[in-house]
1. Quick one: R15 ticks every box in (1) at pLDDT 85 or above; (2) under 16 Å from the mean Cα position of the chain (by Cα); (3) surrounded by 15 or more Cβ atoms within 10 Å (Cβ to Cβ) bar one, so which box is it?
2. Consider only pairs whose beta carbons are under 7 Å apart and that are at least six residues apart or on different chains; among these, list those whose first residue lies in segment 11-30 and is under 25 Å from E192 (Cβ atoms) and in a loop (DSSP other than H, G, I, E, B) and whose second residue is modelled with pLDDT of 70 or more and aromatic (F, W, Y).
3. Please specify each residue of segment 163-196 satisfying the condition of being acidic (D, E) and at pLDDT below 95.
4. Going by the conditions given, is G160 small (G, A, S) and modelled with pLDDT of 95 or more?
Amino acid sequence: MGNLHRMMVRAAAGRPVGGGPAITESFDGPDSGSLGPDLSWTDLAGNWTVVSNKAKSNTGGRSVAVTDTGLTAGSMYAQADLAMASSNNGVGPLICSLSSVQTYYYAEINLWSQFLKIFRTDSGSNTSLAEIAFTVTVGTTYEVRVEHDGAGGIKMFVDGVEELTATDGGTVLTGTYAGLRTYSSDASEYAEADNFEAGA
């Protein structure tokens, strides 16, 4: 589960009102070219691998992976412990529509530009819904969480603290997946994820 496991902080952050069961991924297993072992995952763009019991993006550009376990439509969340090993990188959890896995909400912590941002992505086109400046440090692990209330309200938490909110009626999540997204300039500018959790 990595070196920084924050179960107490997660409990403090609270879960969405749906209160459904969570799915979790520890990434505790042999190094692998695909994510696991607790859940089955699909790479939608780029590639995520397991290295030293953490998920790691190892391709330049955009890397997106989602779990193959669908979640009940309505209020839901996704979260993970995230770290960036170099400056030109942003990473975060996402929740996406069952009917179109290229449509999703994404909470990004960005090292290069020093910000937190909530995006909506529709078929690869990004719309910024909210953004604030935030100090991010190379190699520091942050627990990042995105919540959707099922009615257009989105929240972003960092280390259990609500940092950012947005309202969006442009996309309806009708059955959902959860996953991870990162963007970097090249394969050496990588991000790591650990202790993934999602629920409805």
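1. (1)
2. Short answer, once both residue conditions are applied: R15/Y77.
3. If the condition is that a residue be acidic (D, E) and at pLDDT below 95, then D168, D186, E189, E192 are the ones that fit.
4. Working: small (G, A, S): yes; modelled with pLDDT of 95 or more: yes.
The answer is yes for G160.
The values are calculated or read from the model by the stated rules, or taken from the named source; none is laboratory data. As the structure is a prediction and not an experimental result, all values here were calculated from the model. Heads up, the Cβs are rebuilt from the backbone with ideal geometry, glycines too, and the neighbour counts pull from every protein chain shown.
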